[in-house]
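*Asks:* My structure is below; once you've seen it, I'll send some questions.
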Amino acid sequence: MNKFGFGISPGRQIDYDSNNREVARYIFENEPSFRLCIECGGCSATCSTGNFTGFSLREINILIKRGENDLVRNALKKCMLCGKCTLVCPRGVNTRNIVVLAKRAFQKSDEYAL
Amino acid sequence: MKIEGKKVIWSEYQKEIADDNYFYVRSCIRQNFFPGSEVAFLRIMRDVLKKDVFEHPCHTTCSGIGYHGDVVPVETAMTVVARQFSLMTEAGYTNYVPSCITSFGLYTEILDTWHHFPEVEEKVRRQLKKATGREFKKPENLAHASDVIYKFRKEIAAKSKYRLINKETGEPLKVVDHIGCHYSKMFPSKGVGGAEYPYVLTGMIEEWGGQIVDYPERRHCCGFGFRQYLVQANRGFSIACSKEKFESMKPYQPDMIITNCPGCPMFLDRWQYVINEMEGKRYGQNGEGIPVFTYEEVAGLVLGYDPWDLGLQMHQTDCEPVLKKIGIEYSPEDKYNLAIIPSYSDSHKLINV
Amino acid sequence: MRFEPFIIPFNIGLYFILVYVVTRSVIWFRDLSRPDKLRLQRGFFGIAFAMSLKEIFMESLIHRKILKTNLRLGYMHMSLAFGWFLLIFFGTVEADIFGSKHLNAPYKAIFFRFFNPDHGRTGFEAVYGFLMDLILAFILSGLLLAVIKRFYSKIVGMKRTTHLKLTDRIALTSLWLIFPSRLLAESFTSGAYHSGSFLTGSLGNWFATFLPAKEMAYPFWWLYSISLGTFFILLPISRYMHIPTELFLIFMRNSGIRTGDKAGSYAEVQTYSCSSCGICIDTCQMNSSAGITNIQSAYMMKAIRNNDDVSEIADNCLMCGRCDAICPVGIELSPIRMIQRRAMEAENDFRNIYKGYFRSRQAIIPEKANVSLNYNFLGECEPEKADVLFFAGCMTHLTPGIKKSMIKILDASGVKYNFIDEQGGVCCGRPLMLAGQDKEARELINYNSQLIWKSGAHTLVTSCPICYKVFRESYYLDVEVLHHSQFIKKLIDEGSLKLNFLHKKVVYHSPCDLGRGSGVYDEPKEVLSHVSKLEKSDFEDKNSLCCGGSLANMKISSADKKKIALNAAGELTKNDPDILATACPLCKKTFSSVTPTRVADISEIVAEALNLNTTKKITNREFTSMKELAKI
Amino acid sequence: MGKLYDLLLEDIRFEEGLNACMNCGVCTAICPAAEFYNYDPRKIVDTVQSKDEDKIIELLKSETIWYCGECMSCKTRCPRGNAPGLIIMALRGLSQELGYFVESEKGRQQLAIKRTVGDWILSTGYCVYLDGITIAMHPEQGPVWEWVQDNKAELLNRLGGNYKGDGPGILRKIPEETLAELKRIFEVTGGMERYEKIESFSKTKAKEMNLELTEGIDNEYFRHIYKTNNGTHSR
């Protein structure tokens, strides 16, 4: 610790410019309805997996858009793709395809990373 | 800056500010860190504007910092405030002018609470009576000292010796305003211009020749956060907030910062020093810091007061760059000379006149 | 007999295609899995062989199925296939009987008229010639339809026809040229020698009046031969490969070989067997209701053959199975689509033009051993013991009406049951499978299997056809899996349910996964006619519509889904039924939002019809209390 | 409804600050503390609204209620006119009343605030007082402050102050009778009781933590709470 007895707290703000938003872009391109999401959380409320875990598609959607990919990568695997979310979505977002595309995008980016 | 629409919005937010006969209460922080500012306020009010400003020798802290540091319960704070009101009532004044934003916020909050919960007011009256035997009337007009200066900004401009204009280029100085959070964030209608487009300092700057810079984090808190600064372990938060503001305003190359809060000018001033010590970073032009002023200091400079009478030597970040830009005559060697008798020796002690 | 050089193109083509087909067949046979090889071998000696021959005759030549679906289109196909077959058959016989010697080389029969220009003037020869001309006329009539169809597809009653690639175009042109050139060649020859029957003879004589018929004949014999040769050579790289492949397919199918989950010879053979007839395009609701016209099975098969990227096509399908049901060749289109979906989920995109269109078994990289499970949050299950298990399924949880009705029925039936996913359970796994994620699905299947096994039940009832299909096909369970419609039927038959008759007009919509998907058509209808006036719709059983809400389509937008649902509901409620009945929570949910008609699940209708003795008592009690109230 | 929730309802600020919060999260978005601390005012209001006794106890013992800077930015933007900041103040008050504040690192700091600001109010009549703002406790005040501290009487005189003088003016001496009035107010309104609670709970905790706690600010426990930051509060 310096002579002042404290440091400058790091911010928790999300820096869009420095985050990798490739996954979001990939989904936007392949599933345009992703843009319609109003983050109401209807999907999370009805979610089968959400019944067992803290899994929330709403949160995942937001995180993907922000490019906070590391928080999403493993959480995504919990989805059972049962499709209830698609049925309750008030905006007609093809939520199921978003999960499938996101998984695919991560798989692809992982391969490139390897 | 697109200000047409904002002007419309601001115009809806004009607040009522009394004309004369003010009951003045001081600020704990300002008395310690910016004594020159409160002196300047009284000088301007009494010498320049010829107004009646009364200060009661028995007024105390409003306990606001203790209240927001959560060691003083709300009822205690209310009763302390009620005592201040009783001093005003006793002196025969109805226009209450606090020097401090935390106090201003606390008064506004308490008056609002009493308005909505008259039973609380009754209880406070009983408690004050029981504790001190005092009774009080609520102020008819509550305005922050910066509101009063804002009200008379044109009169000050008319009597000004300098304008906030760069002497070399003729361009208006680029000024960043920082409004104390408790000025209007709690009760937007109680502040000039409300919470989103606070106009109280902007009005002064524009009237005195400067140009206001609208930058993204304009409304961000300076980071005082009461307990967040008062305890050393928490100061990382406090400095981070100010840093956020500096980073955000830096691209606009501001010449100076003007504030109306007691703590903010001190933090914005000191944290520039600390950030430079920690990270070797400065935010002003030519590798200097950005000078931070209170509104009274700016008013005093505009009126041609001696910078060292205003207490600018107590700033950690040097103010000389701004003085030079405006072209203010001052003697650098007198900065730390404490033997000088103030130029306004007549109203030296500034006892109520 | 002198050597005629114009027979060379034909001979090259013919021997090339014969060698090619034999080689290809050997490769296909070699690539079959061991059990399938045994099946095929057994199929060649037995009743399957006879059945295959019959089917080849009925389908490959007569095109019975196309005729049934679309008479004009069927006639077109039949005239070309059956006509050509007859032409070859009778031509060979003709060459054998009337030729210079027996057992001729094939070209003798094909170019019989050239080598025997004088033939057919009198007697039996003339009658035979008349027959040959009749067959040719038959073919030409079909060809005329085909040509018109190419430019104006409505003529054969089709809204759309398939788009062709270059080789297909050349092959098609050469196919089209074969028969007119034969007609002209024979006509000119006949004209020169004053032979020929009603078609070639009259046309030849008429030509001879103003043209040098003998000189004109020769180039057309050349054209005839070249057309044939070109057609044969282009066969393997055009859609016409379906002609020889289909024979192989029929043998394989009749031997009991099925597509299954994995790519292999059978999927390969099926892919070749698609003739791009386009029947699947018209039957597809994605086309007819939503105007999506690039994803139908014919296009998918073509894209697979062309080695194109099929990811867009494969995912964009409701998997309703209408194309499977109507495909005249009997190709298992949905399973092939599933193979493509799974291939996309596999780690790398693997296509090998030499090895075949599908990833071979060997090319699939085994899973890494240390891959952590996706659903390890599920933990251990401890179900209660029960005889009958009720598994509502995810979708049923979104339609509480069905859930409540099922509980009511189960309670009324008096069976000892356990509602295993009452608090919301684990998905059955089919949605994952439909997305091609079999490995993940297997985890859910394992969990649910354990749950069912530990409960010690003998019957599993589910309300959702999606679950029903996967429980039957992909679970290895020692329990009887029943859809609730079957279960209710059973209860009614056993007399466990006392049901009133509801005087309501009901139209039944057969859900895709229950009907075409699992072959359960009758039980739901029997249950419905037991409790209500069941009316027929235009879309019964195999021809039933898809509601559009299918989970299988990963890509479709909600607007397009709605279009399909709107059209389907409109068709089904044409005669103003009181209730549009279905047996699937997803169909119910989809239809409910697009039609003013009441949409109800079978279980809801049955629950409504339940004759509970207690009901009466309650009403009586209420009645008396009302009277008492009135007194006060 | 839980007992704790009832206690919170007694706080006038709580009643003002919580009108059917819909958990939109605007407060978190605008909150400076949420920007730098692992802090989410929305979640706090959510927990309080749940009226779950155990969850509220957990909250009162947690670090999270102590992150707020009471800037009240939340009040401006809340679409329902609520003020999570006021709810936090009510929670902090209750945490101190019940002694839960000593269970968290940030909560324990209340003693430091009481022994500085709190005690200054009663002893000097000011919330902050020049003599108490030492360079040792405030190194960030910088060299200029060292100069101010060394020359405070002369400097205040130079600037027109009334340092420790009679009558009005800057840093004047607050009359004894006025201080007595303040003390009476604290006694009557519960301020003193709050001070005593902070002291007594802290003493118990200091004993538990095996840290020496004597009067004033020059002792182990004070130094500990004033300076310790375990580094888990921000990212």
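The values are calculated or read from the model by the stated rules, or taken from the named source; none is laboratory data. No experiment lies behind these values; they were computed from the predicted model shown. Positions of Cβ are generated from backbone atoms using ideal geometry, with glycine treated the same way; all protein chains shown enter the neighbour counts.
*Asks:* If the requirement is being within 12 Å of another protein chain (Cβ to nearest Cβ), assigned to a helix (DSSP H, G or I) and either closer than 30 Å to residue B:241 by Cβ or touching a His at 6+ places or on another chain (Cβ under 6 Å) (or both), which of these qualifies: A:62, A:98, A:8, A:14?
*Replies:* Result of the check over A:62, A:98, A:8, A:14: A:62.
*Asks:* Counting only residues that are modelled with pLDDT of 90 or more, surrounded by fewer than 18 Cβ atoms within 10 Å (Cβ to Cβ) and more than 11 Å from residue A:57 (Cβ to Cβ), how many does the range A:78-114 have?
*Replies:* Going through the range A:78-114 one residue at a time, the tally reaches 3.
Residue-wise test of (1) without any contact (Cβ under 8 Å) to a residue 24 or more places away in the chain; (2) within 14 Å of another protein chain (Cβ to nearest Cβ); (3) assigned to a helix (DSSP H, G or I).
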residue	(1), (2), (3)
B:104	no, yes, yes
B:112	no, yes, yes
B:122	yes, yes, yes
B:129	yes, yes, yes
B:139	no, no, no
B:147	no, no, yes
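*Asks:* Any idea which residue in the range B:11-62 is nearest to residue B:303 (Cα to Cα), counting only those that are more than 7 Å from chain D (Cβ to nearest Cβ) and touching a Pro at 6+ places or on another chain (Cβ under 6 Å)?
*Replies:* For the range B:11-62, the residue satisfying everything is B:30.
*Asks:* Go through the range B:314-324 and report how many residues are within 11 Å of chain D (Cβ to nearest Cβ) and touching a Leu at 6+ places or on another chain (Cβ under 8 Å).
*Replies:* The qualifying residues number 1.
*Asks:* Working only within the range D:141-173, note down all residues that are buried (at least 17 other Cβ atoms within 10 Å of the Cβ), part of a helix (DSSP H, G or I) and within 7 Å of another protein chain (Cβ to nearest Cβ).
*Replies:* Within the range D:141-173, D:141, D:142, D:144, D:148, D:155, D:156, D:158 qualify.
*Asks:* Within the range C:202-211, does at least one residue satisfy the condition of being touching a residue at least 60 places away in the same chain (Cβ under 8 Å) and out of contact with any Leu (no Cβ under 6 Å at 6 or more places or on another chain)?
*Replies:* Checking the range C:202-211: not a single residue is touching a residue at least 60 places away in the same chain (Cβ under 8 Å) and out of contact with any Leu (no Cβ under 6 Å at 6 or more places or on another chain).
*Asks:* Continuing with this model, one more query. Applying the selection to the range D:78-97, what residues are away from chain B (no Cβ under 11 Å) and buried (at least 24 other Cβ atoms within 10 Å of the Cβ)?
*Replies:* D:84, D:87
*Asks:* Please find, among D:110, D:49, the residue that is on the phi < 0 side of the Ramachandran plot, surrounded by 24 or more Cβ atoms within 10 Å (Cβ to Cβ) and not charged (D, E, K, R).
*Replies:* Only one candidate qualifies: D:110.
*Asks:* While we're looking at this one, here's another question. Could you check, for the range C:128-150, whether at least one of its residues is in contact (Cβ under 8 Å) with a residue 12 or more places away in the chain and either among the acidic types (Asp, Glu) or not in a helix (DSSP H, G or I) (or both)?
*Replies:* yes
*Asks:* Can you say whether residue B:225 is within 12 Å of chain D (Cβ to nearest Cβ), part of a loop (DSSP other than H, G, I, E, B) and surrounded by 24 or more Cβ atoms within 10 Å (Cβ to Cβ), as far as the supplied structure shows?
*Replies:* yes
*Asks:* To continue, here is another question. Going by the conditions given, is residue D:51 in contact (Cβ under 8 Å) with a residue 40 or more places away in the chain, more than 22 Å from residue D:224 (Cβ to Cβ) and of a type in the set (Lys, Arg)?
*Replies:* So residue D:51 passes the test.
*Asks:* What number of residues in the range B:283-312 are on the phi < 0 side of the Ramachandran plot and either within 14 Å of chain D (Cβ to nearest Cβ) or aliphatic (A, V, I, L, M) (or both)?
*Replies:* Count: 20.
*Asks:* Of the residues that sit in the range D:195-235 and are surrounded by fewer than 15 Cβ atoms within 10 Å (Cβ to Cβ) and small (Gly, Ala, Ser), which one is farthest from the other protein chains (Cβ to nearest Cβ)?
*Replies:* D:216
*Asks:* Pick from the range C:92-116 the residues that are in a helix (DSSP H, G or I) and among the hydroxyl-bearing types (Ser, Thr, Tyr): which of them is surrounded by the most Cβ atoms within 10 Å (Cβ to Cβ)?
*Replies:* C:107
*Asks:* Which one is surrounded by the most Cβ atoms within 10 Å (Cβ to Cβ), of the residues in the range C:282-317 that are over 15 Å from the mean Cα position of the chain (by Cα) and of a type in the set (Asp, Glu)?
*Replies:* By that ranking, first place goes to C:315.
*Asks:* Looking at (1) of a type in the set (D, E, K, R); (2) over 21 Å from residue B:219 (Cα atoms); (3) more than 9 Å from every other protein chain (Cβ to nearest Cβ); (4) touching a residue at least 12 places away in the same chain (Cβ under 8 Å), which is the one condition that is false for residue D:11?
*Replies:* If we test residue D:11 against (1) of a type in the set (D, E, K, R); (2) over 21 Å from residue B:219 (Cα atoms); (3) more than 9 Å from every other protein chain (Cβ to nearest Cβ); (4) touching a residue at least 12 places away in the same chain (Cβ under 8 Å), just (3) comes out false.
*Asks:* In the range D:174-194, what residues are facing chain B (nearest Cβ under 7 Å) and touching a residue at least 12 places away in the same chain (Cβ under 8 Å)?
*Replies:* Answer for the range D:174-194, where residues must be facing chain B (nearest Cβ under 7 Å) and touching a residue at least 12 places away in the same chain (Cβ under 8 Å): D:174, D:178, D:182, D:186, D:194.
*Asks:* Residues that are in a helix (DSSP H, G or I), at pLDDT 95 or above and either within 13 Å of another protein chain (Cβ to nearest Cβ) or farther than 18 Å from residue B:25 by Cβ (or both): does the range B:93-101 have at least one?
*Replies:* Checked against the condition, which is being in a helix (DSSP H, G or I), at pLDDT 95 or above and either within 13 Å of another protein chain (Cβ to nearest Cβ) or farther than 18 Å from residue B:25 by Cβ (or both), the range B:93-101 yields at least one hit.
*Asks:* Further question on the same structure: I want to confirm something. Restricting to the range B:175-217 and keeping residues that are of a type in the set (Phe, Trp, Tyr) and buried (at least 24 other Cβ atoms within 10 Å of the Cβ), which single residue is modelled with the lowest pLDDT?
*Replies:* B:199
*Asks:* Would the range D:10-30 turn up any residue that is among the hydrophobic types (A, V, I, L, M, F, W, C), at pLDDT below 90, out of contact with any strand residue (DSSP E or B) (no Cβ under 7 Å at 6 or more places or on another chain) and more than 25 Å from residue A:41 (Cβ to Cβ)?
*Replies:* yes
*Asks:* Hey, another quick one. Quick one: count up the residues across the range C:447-466 that are touching a helix residue (DSSP H, G or I) at 6+ places or on another chain (Cβ under 7 Å), part of a helix (DSSP H, G or I) and buried (at least 24 other Cβ atoms within 10 Å of the Cβ).
*Replies:* Within the range C:447-466, residues that are touching a helix residue (DSSP H, G or I) at 6+ places or on another chain (Cβ under 7 Å), part of a helix (DSSP H, G or I) and buried (at least 24 other Cβ atoms within 10 Å of the Cβ) number 1.
*Asks:* Now a separate question. Examine the range B:71-82 for a residue that is over 19 Å from residue B:121 (Cα atoms), not small (Gly, Ala, Ser) and not in a helix (DSSP H, G or I), and state whether such a residue exists.
*Replies:* yes
*Asks:* State yes or no: is residue C:89 among the aromatic types (Phe, Trp, Tyr) and farther than 21 Å from residue C:218 by Cβ?
*Replies:* Considered against the rule, which asks whether it is among the aromatic types (Phe, Trp, Tyr) and farther than 21 Å from residue C:218 by Cβ, residue C:89 comes out as yes.
*Asks:* For the range D:123-140, give me the residue count where each residue is under 17 Å from residue B:277 (Cα atoms) and crowded, with 22+ Cβ neighbours inside 10 Å.
*Replies:* Number satisfying all stated conditions: 1.
*Asks:* Still on this structure, I have one more. Which number in (1) over 20 Å from residue C:554 (Cβ atoms); (2) away from chain C (no Cβ under 12 Å); (3) without any contact (Cβ under 8 Å) to a residue 40 or more places away in the chain marks the one condition that residue A:28 misses?
*Replies:* Of everything listed in (1) over 20 Å from residue C:554 (Cβ atoms); (2) away from chain C (no Cβ under 12 Å); (3) without any contact (Cβ under 8 Å) to a residue 40 or more places away in the chain, residue A:28 misses just condition (1).
*Asks:* One residue is enough: does the range D:123-143 have a residue meeting the conditions touching a helix residue (DSSP H, G or I) at 6+ places or on another chain (Cβ under 7 Å) and farther than 27 Å from residue A:3 by Cα?
*Replies:* Checked against the condition, which is being touching a helix residue (DSSP H, G or I) at 6+ places or on another chain (Cβ under 7 Å) and farther than 27 Å from residue A:3 by Cα, the range D:123-143 yields at least one hit.
*Asks:* Further, regarding this structure: Touching a Cys at 6+ places or on another chain (Cβ under 8 Å) and in contact (Cβ under 8 Å) with a residue 40 or more places away in the chain: does that describe residue C:439?
*Replies:* No; evaluated as a whole, the condition is false for this residue.
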